Amino acid sequence: MRYRFKLTNFRTSEKNRFQNSLTVSNIQLGSVVSDMFGESSMNIIRKLLEDPTNTEFEIKSLIHGSMDKKIPELKLAIEGFITPEQAGKLTVINQHVENLQARKADLEELILSLAEPYMEEINLILTVPSFKNIFSAIAVVSEIGVSMDVFPTAKHLCSWAGLTPTNNESAGREKVS
């Protein structure tokens, strides 16, 4: 589960690097679209990377029909200049983002298969209102386990999980650890 979290962070970092590289090239799609990595945006970016010197291509065929009203804004948003070096960097970053997503999907498949024996406990955790994602519930099981016998009280469990607040101050003096 921790590695899944790490892959998510790597992917986010690469997406930020990708967006920053577009900003450096004055490509401002992020200011027009709600999802910079959505299908329409990525179609436009792939088209731009095919020939970075050509921004005069038909956008309508690349976007979802609901974005038709945004075509003038999209045309303005891609009026930057992508150098060949920047295009190469963007291509590598995009491939890395896609590869990280594929590896995360592989890992999630493995996690789900390993979690199968604990589905009763995981489903019980999913009944808690704040748990909507199965991987969050699996994380709880993987970190704490399914037997609460190792914790004498609920307070011990909360303390072990780092959820118990502490007060390191008495009579106005702060205790130093």
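The values are calculated or read from the model by the stated rules, or taken from the named source; none is laboratory data. Note that the coordinates shown come from a computational prediction; the quantities given were computed from them, not determined experimentally. Positions of Cβ are generated from backbone atoms using ideal geometry, with glycine treated the same way; all protein chains shown enter the neighbour counts.
Quick rundown of the values:
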read-out: When residues of the range 22-31 are limited to those that are within 21 Å of the chain's Cα centre (by Cα) and crowded, with 19+ Cβ neighbours inside 10 Å, the one modelled with the lowest pLDDT; value: LEU29
read-out: So GLU143, is it of a type in the set (Asp, Glu) and touching a residue at least 60 places away in the same chain (Cβ under 8 Å); value: yes
read-out: Counted residues, the range 50-88 - those being surrounded by 17 or more Cβ atoms within 10 Å (Cβ to Cβ) and under 25 Å from the mean Cα position of the chain (by Cα); value: 8
read-out: Residue count, the range 113-144 (criterion: closer than 24 Å to SER159 by Cβ and part of a helix (DSSP H, G or I)); value: 14
read-out: Selection within the range 32-46 - surrounded by fewer than 16 Cβ atoms within 10 Å (Cβ to Cβ) and either over 17 Å from the mean Cα position of the chain (by Cα) or in a helix (DSSP H, G or I) (or both); value: GLU39, ASN43, ARG46
read-out: Matching residues in the range 6-29 - criterion: being part of a helix (DSSP H, G or I) and touching a residue at least 40 places away in the same chain (Cβ under 8 Å); value: LEU7, THR8, PHE10, ARG11, GLU14, LYS15, ARG17, PHE18, SER21, LEU22, VAL24, LEU29
read-out: Which numbered condition THR164 misses (of (1) surrounded by 14 or more Cβ atoms within 10 Å (Cβ to Cβ); (2) in contact with a Cys (Cβ under 7 Å, 6 or more places away or on another chain)); value: (1)
read-out: Failed item in (1) surrounded by 11 or more Cβ atoms within 10 Å (Cβ to Cβ); (2) free of Cβ contacts under 8 Å to residues at least 12 places away in the same chain, with GLU121 passing the rest; value: (2)
read-out: Yes/no for MET67 being touching a Ser or Thr at 6+ places or on another chain (Cβ under 6 Å) and part of a helix (DSSP H, G or I); value: yes
